[in-house]
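J.: Questions regarding the structure given below will be posed in turn.
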2 protein chains.
Amino acid sequence: MTERKPRKDAARNRQAVLEAADALFGRCESPEELTMADIAAAAGVGKGTLFRAFGDRTGLLRALYEARLEPVREAVETGPPPLGPATPPRERVPALLDALLCFKLDNRRLALALEETGSSSPYQAGHYDWWHGVLRSALEEVPGMADAGFAAHALLAATRADLVERLAGREGVERERLRAQLAGYAARFLTAR
Amino acid sequence: MTERKPRKDAARNRQAVLEAADALFGRCESPEELTMADIAAAAGVGKGTLFRAFGDRTGLLRALYEARLEPVREAVETGPPPLGPATPPRERVPALLDALLCFKLDNRRLALALEETGSSSPYQAGHYDWWHGVLRSALEEVPGMADAGFAAHALLAATRADLVERLAGREGVERERLRAQLAGYAARFLTAR
DNA sequence: AAAGATACGGACCCCGGGTCCGTTTTTCAA
DNA sequence: TTGAAAAACGGACCCGGGGTCCGTATCTTT
C-alpha cells in the first residue's frame, strides 16, 4: 500500500487551483498568455503549492482536461447508444467523432493549450490513446475496413484543437455547421467500397 | 520602389544561417532543444545578425521550410502528372497527399518545430493555405464531393507533423508502409458514394 | 578617400517555468 | 490536551531562452 490520503489543506488547495484555472481558461483569449503565476494568484495560493500539486504546467492541464473529459468517457464506455458500446459501428463512429468535436468546441482554450505543449503532443497524453483505441475497435467492426488503426488516427486528426480553433474561431463557422461537416466527412468515409 | 538590394555580407550571412540551421535540424533529436544562440554560433554569426535577418524564431523556421518546399511547390503548380495541374482529380488528390507526407518525412524535425510554434499554427503559415487551396480545388472536381473545403482540411490533418513523428518515429512504421496507409485512406475516401 | 549608410555581435533585458527552504498547518500518538 | 514529527505552504529566487540595443566594423558611393 503506497497510497496515503492527502492532507485536508492540500486537497482544498488542489481543488481551488483546478477551479481557478478552469475559470481563467474559459475567460482568456489565447492560452499561452495565461501564466502559472496568474493561476496561482487567482486561486489564492503560492506557486510552490501549484507545482507541488501538479508537477508542472502540463500536469495541471492534463488534470483539468481529464476532469472535463470524465463524463464523456463514461458515456462512451458504459452509456446508452449512440455513444455506448452497444451501438453498431457505422453509427457509433460518427457519434464518437461528434462527441469529441463538441468536447473540443466546449473546451477550446484548454484543448489548444494541451495540444501545443512540447513535441509530439497530444499523442503522449493518455486520453489520445484511449480515443484511438475506442475508435479503432469500432472501425474494425466495419466490414471491408482496412488499416483501422491508421484510419482512427486520421479521423481523430480532423478534430485537432488548432483546426477547430481556426474554423470555429478565426473563420467563424458555427457549431452546427461544423458538426455537419465532420459528420458528412465521416459518413463518406464509412460508406465507401 | 521599396526594394533595395541587400549588402553583400548580409546576403552571405543569411545564407550561412540557413545552411547551419538546416544542418542542425537534421542532426538534433527534438527541435525545441535547438536554441537560437546555437544556430548563430554554428553559423559563425552573432545573435543580432540572425534576428535582423529573420525577425524571430518563427521567421527563420518559415524561411527554411519555404526553401525546402520550393521544389514540391513547383512540381505541383507546373509539373507533369501525377502532381501537376493536368492530372485528373481522383489521381491527383492521393498524389498531393503522398508528396506532402514524403515532405514531412524528409523534414520531420523542421516540420515539427514549425507546427508547434505559437497557437493555431500551422494554420497561419502561408504554405498551409496554399496546400489547402490546391487540394480543395482538386477535390471540388471529384463528382459528388460535398464540402471540399472541410475535406481538404481533414485530409491535410492526416499528415500533421506530430502524427507523422509518432508513427514513423515512436512506433517505427516504415516509410513505405505509412505511404501505403495514407494512400489507402485517401482512396477509400475518394471512391465513396 | 571619406562620409553616409548598413550590418555586425554579444552584453544585456525580460519573462515565465520551475525550485528551495524557512515558516505554518495538520496529524497522531501519548 | 499536547507536543513533536510529518506534510504543505508560499514567495523569493534561479535559470535558460527569445529578443533588443548600441558602439564598432564593413560596405558603398561619389
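J.: Using modelled backbone amide H atoms (1.01 Å from N, in-plane), which distant-in-sequence or interchain residues come within less than 5 Å of B:Ser30's amide H?
T.: none
J.: Which one of B:Ala21, B:His132, B:Ala183 is farthest out on the positive end of the charge dipole of chain B, using unit charges on Cβ (Lys, Arg +1; Asp, Glu -1) and the Cα centre as origin?
T.: Farthest towards the positive pole: B:Ala21.
J.: Additional query: Set the Förster distance to 41 Å, then compute FRET efficiency between A:Arg52 and B:Glu176 from the Cβ-Cβ distance, nearest 0.05. Walk me through the numbers on the way to the answer.
T.: Working: r = 48 Å, r/R0 = 1.17.
It comes to 0.30.
J.: Of the heavy-atom accessible surface of the stretch B:57-190 (probe 1.4 angstrom), what whole percent is carbon and sulfur?
T.: Carbon and sulfur atoms account for 53 percent of the accessible area of the stretch B:57-190.
J.: Can you list, shortest first and in nm, the gaps between the label point of B:Gly84 and those of its counterparts in the other copies, using a point 7 Å from Cα in the C-beta direction?
T.: 5.9
J.: Helix-only mean residue ellipticity at 222 nm, chain A, DSSP H runs n ≥ 4 weighted -39,500 (n - 2.57), per residue, nearest 500. What is it?
T.: Working: 10 runs with 128 residues, N = 193.
-21000 deg cm²/dmol, from helical runs alone.
J.: Suppose we take every Cα in the stretch B:59-189 and form the convex hull; what volume per residue is that in Å³?
T.: Details: hull volume 12.9 nm³, N = 131.
Looking at the stretch B:59-189, the number lands at 99 Å³ per residue.
J.: When the accessible area of each residue in the stretch B:174-193 is compared between its chain alone and the complete protein assembly (1.4 Å probe; ligands, DNA and RNA ignored), which residues differ by at least 40 Å², being lower in the assembly?
T.: Output list: B:Gln181, B:Tyr185, B:Arg188, B:Phe189, B:Ala192, B:Arg193.
J.: Let me ask something else about it. What residues in the stretch A:115-139 lose 40 Å² or more of accessible surface when the other protein chains are added to their chain alone (1.4 Å probe)?
T.: Those are A:Glu116, A:Ser119, A:Ser120, A:Tyr123, which lose 40 Å² or more relative to the chain on its own.
J.: Same structure, new question: What does the C-alpha gyration tensor say about the overall shape of the stretch A:1-80? Classify as rounded when a/c is under 1.5, otherwise prolate if a/b is larger than b/c, or oblate. Display every interim value, and only then the final one.
T.: Details: a/c = 2.22, a/b = 1.16, b/c = 1.91.
Oblate shape, in that a/c is at least 1.5 and b/c is the bigger or equal ratio.
J.: Taking both sides together, what accessible area is buried at the A/B interface, probe 1.4 Å, expressed in Å² and rounded to the nearest 100? Walk me through the numbers before you get to the answer.
T.: On the way: alone 10880 and 10900 Å², together 18200 Å².
Approximately 3600 Å² gets buried when A meets B.
J.: Name the GluC sites (Glu not before Pro) in the stretch B:27-128 that are in a loop by DSSP and that have at most 15 other C-beta atoms within 10 Å, would you?
T.: Values: sites: B:Glu29, B:Glu32, B:Glu33, B:Glu66, B:Glu74, B:Glu77, B:Glu91, B:Glu115, B:Glu116; in loops: B:Glu29, B:Glu116.
Sites meeting the loop and neighbour criteria: B:Glu29.
J.: Solvent-accessible area per residue for the stretch B:57-190 at a 1.4 Å probe radius, Å²? Walk me through the intermediate numbers first.
T.: Numbers: 4920 Å² over 134 residues.
Roughly 37 Å² per residue, with all protein chains present.
J.: Pop the C-beta distance of A:Ala146 and B:Ala23 into the FRET formula with R0 = 35 Å and round what comes out to the nearest 0.05.
T.: My answer for the efficiency is 0.30.
J.: Give me the inter-chain shielding for B:165-172: mean count of other chain Cβ atoms within 10 Å, whole number please.
T.: That average works out to 3.
J.: What FRET efficiency do you get for B:Arg7 and A:His132 if R0 is 45 Å and r is their Cβ-Cβ distance, rounded to the nearest 0.05?
T.: On the way: r = 53 Å, r/R0 = 1.17.
E between B:Arg7 and A:His132, to the nearest 0.05, is 0.30.
J.: Further question: Report, in whole Å, the centroid distance computed from the Cα atoms of the stretch B:16-33 and the stretch A:132-193.
T.: Going from one Cα centre to the other spans 34 Å.
The values are calculated or read from the model by the stated rules, or taken from the named source; none is laboratory data. Not measured: the values here are computed from a predicted model. Glycine gets a Cβ as well: all are built from the backbone with ideal geometry, and neighbour counts include every protein chain shown. Heavy atoms of the whole protein, side chains included, go into the accessibility calculation; ligands, DNA and RNA do not. Shrake-Rupley method; radii C 1.70, N 1.55, O 1.52, S 1.80 Å.
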